[in-house]
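Contents: one structure, followed by commentary.
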Amino acid sequence: MRLAFFPLALLLWAGAAEATDIRFPETGNPAYAFQIPDDWVASTDTEGNMQVQQRINKVLLVLAIGPDAGASLDEFAADMLKAAGADPSERREPATLGGRQGYIYYSVMDNPSDPSGLRINIRLTLVKPDASSIASCALLIDASANDADIAASEAVQNGMRFLP
């Protein structure tokens with residue numbers, strides 16, 4: 001039993017060592033802090049959002065932090081989904097992101113790159129990391145994603161924390 005445990009522990013340790021630390025934004029606070037596996041990519045888009053994904057490109061995390069303009073999380077979600085061309089949220093549930101309480105909003109949007117017209121599922125999580133900011137993490141799930149793809153992205157999201 002002990003011999004079987006040692007190789008498993010070694011594999012787990014080796015897997016844990018293959019990660020990249022991410023801080024977004026690079027300066028200022030609040031900021032996201034999390035790790036991604038080495039075979040993932042993280043980049044900033046033209047609007048200043050952080051995009052994080054597996055190289056297979058079936059599930060995408062889009063992160064943003066901005067000033068709280070006084071809107072409720074529900075209003076903020078509605079505005080974000082409308083700006084993205086997504087359907088209004090069909091439901092919302094309490095959620096935690098980076099240790100902060102907020103809500104997850106469920107929606108869908110068209111995928112112009114899919115010739116068969118399959119849609120992208122959206123899970124938009126919104127929280128207030130401090131009194132003057134709103135943070136979002138949108139999990140965009142392509143119709144071709146499988147349970148393992150989604151679980152891997154959820155694991156990255158669940159490992160996120162906020163730097164004060």
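Taking the condition without any contact (Cβ under 8 Å) to a residue 12 or more places away in the chain and polar (S, T, N, Q), does SER116 pass? Before you say what the answer is, go through the steps one by one.
Values: without any contact (Cβ under 8 Å) to a residue 12 or more places away in the chain: yes; polar (S, T, N, Q): yes.
Judged against the criteria, SER116 is a match.
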Can you pull out every residue in the stretch 39-62 that is more than 16 Å from the chain's Cα centre (by Cα) and hydroxyl-bearing (Ser, Thr, Tyr)?
THR46
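Go through ILE36, ILE22, ILE65 for me and flag whichever is at pLDDT 95 or above, surrounded by 15 or more Cβ atoms within 10 Å (Cβ to Cβ), under 17 Å from the mean Cα position of the chain (by Cα) and under 20 Å from ALA131 (Cα atoms).
On the way: ILE36 fails: under 20 Å from ALA131 (Cα atoms); ILE22 fails: under 20 Å from ALA131 (Cα atoms).
The match here is ILE65.
Given the structure, is LEU139 closer than 19 Å to ALA42 by Cβ and part of a strand (DSSP E or B)?
Details: closer than 19 Å to ALA42 by Cβ: yes; part of a strand (DSSP E or B): yes.
It is true that LEU139 is closer than 19 Å to ALA42 by Cβ and part of a strand (DSSP E or B).
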Does GLN51 satisfy being modelled with pLDDT of 95 or more and touching a Lys or Arg at 6+ places or on another chain (Cβ under 9 Å)?
no
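Suppose we keep only residues that are polar (S, T, N, Q) and outside any loop (DSSP other than H, G, I, E, B) within the stretch 108-134. Which one would you say is nearest to PRO67 (Cα to Cα)? Even if it seems obvious, please write down each step before you answer.
If we filter the stretch 108-134 for residues that are polar (S, T, N, Q), which is where we start, we get 111, 113, 116, 121, 125, 132-133.
Next, from what is left, pick out any that are outside any loop (DSSP other than H, G, I, E, B): 121, 125, 133.
On the way: ASN121: 26, THR125: 16, SER133: 4 Å.
It comes out as SER133.
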Considering (1) of a type in the set (A, V, I, L, M, F, W, C); (2) more than 13 Å from the chain's Cα centre (by Cα); (3) closer than 15 Å to ASP142 by Cα; (4) surrounded by fewer than 20 Cβ atoms within 10 Å (Cβ to Cβ), say which one ALA86 fails and leave the rest.
(4)
Given (1) part of a strand (DSSP E or B); (2) aliphatic (A, V, I, L, M); (3) more than 16 Å from GLY99 (Cα to Cα), identify the lone condition not met by ALA152.
(1)
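The values are calculated or read from the model by the stated rules, or taken from the named source; none is laboratory data. Because the structure is predicted, anything quoted here is derived from the model rather than measured. Don't worry about glycine lacking a Cβ; one is built from the backbone with ideal geometry, like all the others, and counts go over all protein chains shown.
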